[in-house]
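Chemist: Here it is, the structure in full.
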Amino acid sequence: MIFIKYYREFIGEFFGTFLMVIFGCGSIAVSVLFNAYMGLLQIAMVWGIGVSLAIYITRHLSCAHLNPAVTLAMVTSKRMLISKMPAYLTAQFLGAFSAGLILLFLFNPSIVAFENANGIIRGTAESMQVAKIFGEYYQQAGSNAVHSMYFAMGVEAFGTFLLVLMIFSLTEGCNLGRPDNNLTPVFIGLTVTSIICLLAPLTQAGLNPARDFGPRIVAWFFGWGIAAFPDNIGGFFFVYILAPLIGGQTAGFLFTYVLESILNKPYEQCSCKNDTKCSSLKVRDIQTQYTDKTMY
């Protein structure tokens with residue numbers, strides 16, 4: 001019943017998350033299978049472009065959260081009704097899962113050829129180098145070190161913290177320094193690109209529980225088995241689901257209870273080149289009414 005009531009939001013979140021994952025995970029697939037990219041920056045740019053396009057297409061349907069960490073932060077900061085959350089979360093996971101299925105359909109012949117050429121048996125530990133097309137693996141993400149689960153949790157929480165903080169800062173009307181509404185999706189995409197460039201060598205930079213879990217389930221169903229969930233301590237859950245939720249929550253509280261109150265305070269003068277004083281202004285009086293509270 002709730003999905004019928006919020007069918008517009010459901011469609012927006014499903015389609016937006018699908019587009020984001022199909023472009024982003026697709027870039028990983030062509031990199032792993034065909035060496036199509038020269039380095040991390042190119043993959044990160046494709047992720048950022050995918051995020052921007054998904055936001056542009058769906059932001060007037062659901063405000064384009066496309067990420068459970070964003071949705072939870074919006075609910076707890078009272079920017080969205082909690083009654084909408086089940087529709088949002090279900091749509092996000094189903095969208096990511098559907099994108100994983102399409103990627104498997106498109107690339108499975110190439111995956112089989114890659115496995116045969118490299119002597120990889122699907123489902124073994126070695127097959128993680130292919131399974132990372134679908135889900136993230138902090139155990140093998142860095143070539144020079146193996147990081148602990150707790151370190152990986154901190155990395156994912158920090159990355160999602162940066163992402164959600166930037167989303168709030170770029171979309172809330174109290175921030176007069178934010179870009180034009182029409183350019184906001186581009187800046188959010190650039191934020192994703194920048195965070196991936198910073199953190200992907202450590203954990204592959206998931207930052208999104210739906211993006212990780214949906215495609216990972218596809219890998220689990222279609223032959224990778226335990227290689228899709230490689231450790232026995234629930235690392236995938238703690239690192240790629242719980243940690244992003246914690247990071248997003250932290251950013252939401254910081255913005256709502258610290259930064260927003262500061263941004264909403266009136267100020268007496270602005271710094272001008274000729275040091276002239278401006279008349280007293282109040283942020284609330286000059287900010288443009290902003291209806292789309294979130295756009296990712």
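Yes/no per residue for (1) in contact (Cβ under 8 Å) with a residue 60 or more places away in the chain; (2) surrounded by 19 or more Cβ atoms within 10 Å (Cβ to Cβ):
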residue: Thr17; (1), (2): yes, yes
residue: Cys25; (1), (2): yes, yes
residue: Leu33; (1), (2): yes, no
residue: Ala36; (1), (2): no, no
residue: Met45; (1), (2): yes, no
residue: Val51; (1), (2): yes, yes
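Chemist: Which numbered condition trips up Ser98, out of (1) closer than 29 Å to Leu190 by Cβ; (2) part of a helix (DSSP H, G or I); (3) over 19 Å from the mean Cα position of the chain (by Cα)?
Modeler: With respect to (1) closer than 29 Å to Leu190 by Cβ; (2) part of a helix (DSSP H, G or I); (3) over 19 Å from the mean Cα position of the chain (by Cα), Ser98 is out only on (3).
Chemist: Moving on. So which residues in region 127-147 are at pLDDT 90 or above and either among the acidic types (Asp, Glu) or over 21 Å from Ile217 (Cα atoms) (or both), if there are any at all?
Modeler: Passing the criteria: only Glu136.
Chemist: Can you find, within region 170-192, the residue that is nearest to Ile57 (Cα to Cα) among those that are in contact with a helix residue (DSSP H, G or I) (Cβ under 7 Å, 6 or more places away or on another chain), touching a residue at least 40 places away in the same chain (Cβ under 8 Å) and surrounded by fewer than 20 Cβ atoms within 10 Å (Cβ to Cβ)?
Modeler: Ranking the qualifying residues of region 170-192, first place goes to Val186.
Chemist: Let me ask something additional. Considering only region 77-90, state which residues are buried (at least 16 other Cβ atoms within 10 Å of the Cβ) and among the polar types (S, T, N, Q).
Modeler: Within region 77-90, Ser77, Thr90 qualify.
Chemist: Step by step: first the residues of region 221-236, then only those that are out of contact with any Leu (no Cβ under 7 Å at 6 or more places or on another chain) and under 25 Å from Ala54 (Cβ atoms), then the one that is surrounded by the fewest Cβ atoms within 10 Å (Cβ to Cβ). Which residue is that?
Modeler: Step one: of region 221-236, the residues out of contact with any Leu (no Cβ under 7 Å at 6 or more places or on another chain) are 221, 223-236.
In the following step, the residues that additionally are under 25 Å from Ala54 (Cβ atoms) were identified as 221, 228, 236.
Numbers: Phe221: 14, Ala228: 23, Phe236: 22.
By that ranking, first place goes to Phe221.
Chemist: Also, quick follow-up: Taking region 197-239 only, how many residues are on the phi > 0 side of the Ramachandran plot and assigned to a helix (DSSP H, G or I)?
Modeler: Keep residues of region 197-239 that are on the phi > 0 side of the Ramachandran plot, which gives 204-205, 207, 223, 225, 234.
Filter once more, so that each one left must be assigned to a helix (DSSP H, G or I): 223, 225.
Within region 197-239, residues that are on the phi > 0 side of the Ramachandran plot and assigned to a helix (DSSP H, G or I) number 2.
The values are calculated or read from the model by the stated rules, or taken from the named source; none is laboratory data. The shown structure was predicted, so the numbers you read here are calculated from the model rather than taken from an experiment. We place every Cβ from the backbone using ideal geometry, glycine too, and count neighbours over all the protein chains shown.
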